[in-house]
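The values are calculated or read from the model by the stated rules, or taken from the named source; none is laboratory data. Every value quoted in this text rests on a predicted model; they were computed, and no experiment measured them. Cβ coordinates were reconstructed from backbone atoms using ideal geometry, including for glycine residues, and neighbour counts include every protein chain displayed.
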Amino acid sequence: MKLPWPILSVAEMRVAEAAIFASGVEEYALMQRAGRAAAQLIWRAGGMRPTLVLCGPGNNGGDGYVIARALADKGVPVRLAASADPVTSSAKQARVDWGGPVEDIMTAQGAMQIVDALFGIGLTRGLDEALAGRLTELARMAERTYAVDVPSGVASDSGALLSAVPCFDLCIALGALKPAHVLRPAAMRFRQLICCDIGVDRAAARCFRLPKPRLMAPADDAHKYTRGMVAVVAGEMPGAAALSAQAAAPGGAGYVKLFGAQAIVDLPHAIVRASLRDEAARADPRIGALLIGPGLGRDEKAMAKFTHVADVRFPTVIDADGLYIIEKTGFSILPEKAVLTPHAGEFARLFPDIMGTAIEQAQAAATRSGAVVVLKGPTSVIAAPDGRTMVADRASRWLSTAGTGDVLAGLCASRLAVTGDPFQAACEAVWLQGEAARLAGPAFIADDLIGHIPLALAACL
């Protein structure tokens, strides 16, 4: 199966490019490969619209010269404007091969299409105010706008805006995605993202954009126990655990048991109630995943309940109040297979010294805790202790409502019971929740989200 597009930092991209050069491909040949691939995408999107390509002094500008030449060869009316003369050998060669006039970007007239090839992934400081303003002006006058690799003025590794950045219709990533393509605010400076292949080895990457999972229907001889049994522990606010249990049931598990929620009266009959005092039920070896934390509470009673069930060492998903308890107990209480699902506030309390981007934070936390970490947010990051990472960007804004974290935790537990793999389970759960949110449309509540899980799951079969 073809791997999804990797997400590479600037340093990782340089290593990937070096590997291509080591295979015998010259730098200018790679530039031509990248520029022609980008030009093909621009031509498909914009056809024969008059186009102005904006080139900077580095290799991103060199890509721009190649793009201009390739579009001209297709008969597209192309003009080219530069902010400065080329400084790299490949960019200089690309300018020669362009063969046409080069205008001054500050005085060039606009066009129906603008291609931003001013600065690429190596940018460490913002564009000067005049140049940034000129880019914004030209983009505003155009019908269609394209950014080559990353929009100029973006910090590739962090997604920060180093200067004013217009919003582009299409961002064309070269060879691999960059953190800025999935991290805010940079990820919101383009409407569509396409990655073009330039020969980067995807197999060597560890971080990817989350793809749609491929799920399997139950086997012909499956029954409720072989499909996976989920145990959800309720606490001070049993409604949260009830939401989790109701999400786990359609998430693929064959049996969901809710412990300690006798006060809930409108629970679906398919969800079995049990008492934590029932030692045999609590330690049932058929349990494939334990979920604890939603609505658990933070007092001594909650702490005792947590440690009591944790002793069994089932594969476990820990959310909400369970994360607070982990702050107190430390990570040694975690079983071998565990998933932690903090939002940004919970993460900051649990890992106060871990800084960086969401990707870097999740990776460091997974390494430290020995658990799969799902750092939830507008961009969610799933990281495993061995370095594997998936990024789910552009989540539905309507997920910012009470109870959706409980739903995700229930889905994580369900998929963990089914797969037995914490990282796979977390990735599947995040995708399913995102798809359920998309299907639910605007203004849903967490209860509505649950009703769309079956259709989300069906999309993966």
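Within the stretch 235-270, take every residue that is of a type in the set (D, E, K, R) and touching a residue at least 24 places away in the same chain (Cβ under 8 Å) and give me the one that is farthest from P218 (Cα to Cα). Among residues in the stretch 235-270 that are of a type in the set (D, E, K, R) and touching a residue at least 24 places away in the same chain (Cβ under 8 Å), the one farthest from P218 (Cα to Cα) is E236.
Name the pairs: first residue in the stretch 11-36 and in the same structural domain as Y146 (by TED's automatic domain parsing), second residue part of a helix (DSSP H, G or I) and among the β-branched types (V, I, T), Cβ to Cβ under 8 Å, at least 6 apart or on different chains? What qualifies is L30/I20; M31/V66; Q32/V66; A34/V66; G35/V66; G35/I67; R36/V66; R36/I67. When A289, A304 are checked against the criterion of being among the aliphatic types (A, V, I, L, M) and farther than 29 Å from R227 by Cα, A304 stands alone in meeting it. With a requirement of 1 or more residues that are more than 30 Å from A203 (Cα to Cα), the helices (runs of 4 or more DSSP H) lying completely within the stretch 353-461 that satisfy it span 404-419, 422-440, 446-451, 453-458. Out of the residues in the stretch 253-285 that are assigned to a loop (DSSP other than H, G, I, E, B) and among the small types (G, A, S), state the one that is farthest from M237 (Cα to Cα). Only one residue tops the list, namely G254.
Only one entry of L118, L138 meets the criterion of being touching a residue at least 60 places away in the same chain (Cβ under 8 Å), surrounded by fewer than 22 Cβ atoms within 10 Å (Cβ to Cβ) and in the same structural domain as A173 (by TED's automatic domain parsing), and that entry is L138.
For the criterion of being closer than 27 Å to P179 by Cα and touching a Pro at 6+ places or on another chain (Cβ under 7 Å), P57 passes. Note on the stretch 307-330: residues that are at pLDDT 90 or above and within 19 Å of M237 (Cα to Cα) total 10.
T367 fulfils the conditions (1) of a type in the set (S, T, N, Q); (2) surrounded by fewer than 18 Cβ atoms within 10 Å (Cβ to Cβ); (3) touching a helix residue (DSSP H, G or I) at 6+ places or on another chain (Cβ under 8 Å) except for a single criterion, (3). Considering (1) in contact with a strand residue (DSSP E or B) (Cβ under 9 Å, 6 or more places away or on another chain); (2) farther than 30 Å from E12 by Cβ, the lone condition that G387 does not fulfil carries the number (2).
Could you check, for the stretch 50-70, whether at least one of its residues is assigned to a loop (DSSP other than H, G, I, E, B) and farther than 22 Å from C171 by Cβ? No, that holds for no residue.
Residues of the stretch 179-199 that are in contact with a strand residue (DSSP E or B) (Cβ under 7 Å, 6 or more places away or on another chain) and outside any helix (DSSP H, G or I): V182, P185, R189, F190, R191, Q192, L193, I194, C195, C196, I198. The sole residue among A364, A402, A395 that is farther than 18 Å from A443 by Cβ and assigned by TED's automatic domain parsing to the domain that holds C427 is A364.
Identify, from the list R415, R388, the residue that is surrounded by 22 or more Cβ atoms within 10 Å (Cβ to Cβ), charged (D, E, K, R) and either touching a helix residue (DSSP H, G or I) at 6+ places or on another chain (Cβ under 6 Å) or over 27 Å from K328 (Cα atoms) (or both). Being surrounded by 22 or more Cβ atoms within 10 Å (Cβ to Cβ), charged (D, E, K, R) and either touching a helix residue (DSSP H, G or I) at 6+ places or on another chain (Cβ under 6 Å) or over 27 Å from K328 (Cα atoms) (or both) holds for just one of R415, R388, which is R415. Of the residues T367, T379, T389, T419, which single one is under 19 Å from A231 (Cα atoms) and among the hydroxyl-bearing types (S, T, Y)? After applying the criteria, what remains is T419. Scanning the stretch 98-141 for residues that are in contact with a Cys (Cβ under 9 Å, 6 or more places away or on another chain) and assigned to a loop (DSSP other than H, G, I, E, B) gives V102, I105, L118. State which residue is surrounded by the most Cβ atoms within 10 Å (Cβ to Cβ) when the search covers only the stretch 303-319 and only residues that are of a type in the set (A, V, I, L, M) and within 19 Å of P422 (Cα to Cα). Among those that are of a type in the set (A, V, I, L, M) and within 19 Å of P422 (Cα to Cα), it is V317.
Determine whether A142 is more than 24 Å from T88 (Cβ to Cβ) and modelled with pLDDT under 95. No, not satisfied. Within the stretch 340-362, the set of residues being without any contact (Cβ under 8 Å) to a residue 24 or more places away in the chain and buried (at least 16 other Cβ atoms within 10 Å of the Cβ) comprises F351, I354, E360, Q361. Selection of the stretch 293-315 for residues being in contact (Cβ under 8 Å) with a residue 60 or more places away in the chain and within 15 Å of V339 (Cβ to Cβ) yields G293, P294, F314, P315. For the stretch 16-42, residues that are closer than 23 Å to V115 by Cα and of a type in the set (A, V, I, L, M, F, W, C) total 9. Only one of the listed residues (P218, P151) is in contact with a Lys or Arg (Cβ under 7 Å, 6 or more places away or on another chain) and either surrounded by 18 or more Cβ atoms within 10 Å (Cβ to Cβ) or of a type in the set (F, W, Y) (or both). That residue is P151.
Do we have any residue at all in the stretch 144-155 that's assigned to a loop (DSSP other than H, G, I, E, B), of a type in the set (A, V, I, L, M), touching a helix residue (DSSP H, G or I) at 6+ places or on another chain (Cβ under 7 Å) and under 30 Å from G356 (Cβ atoms)? Within the stretch 144-155, one or more residues are assigned to a loop (DSSP other than H, G, I, E, B), of a type in the set (A, V, I, L, M), touching a helix residue (DSSP H, G or I) at 6+ places or on another chain (Cβ under 7 Å) and under 30 Å from G356 (Cβ atoms).
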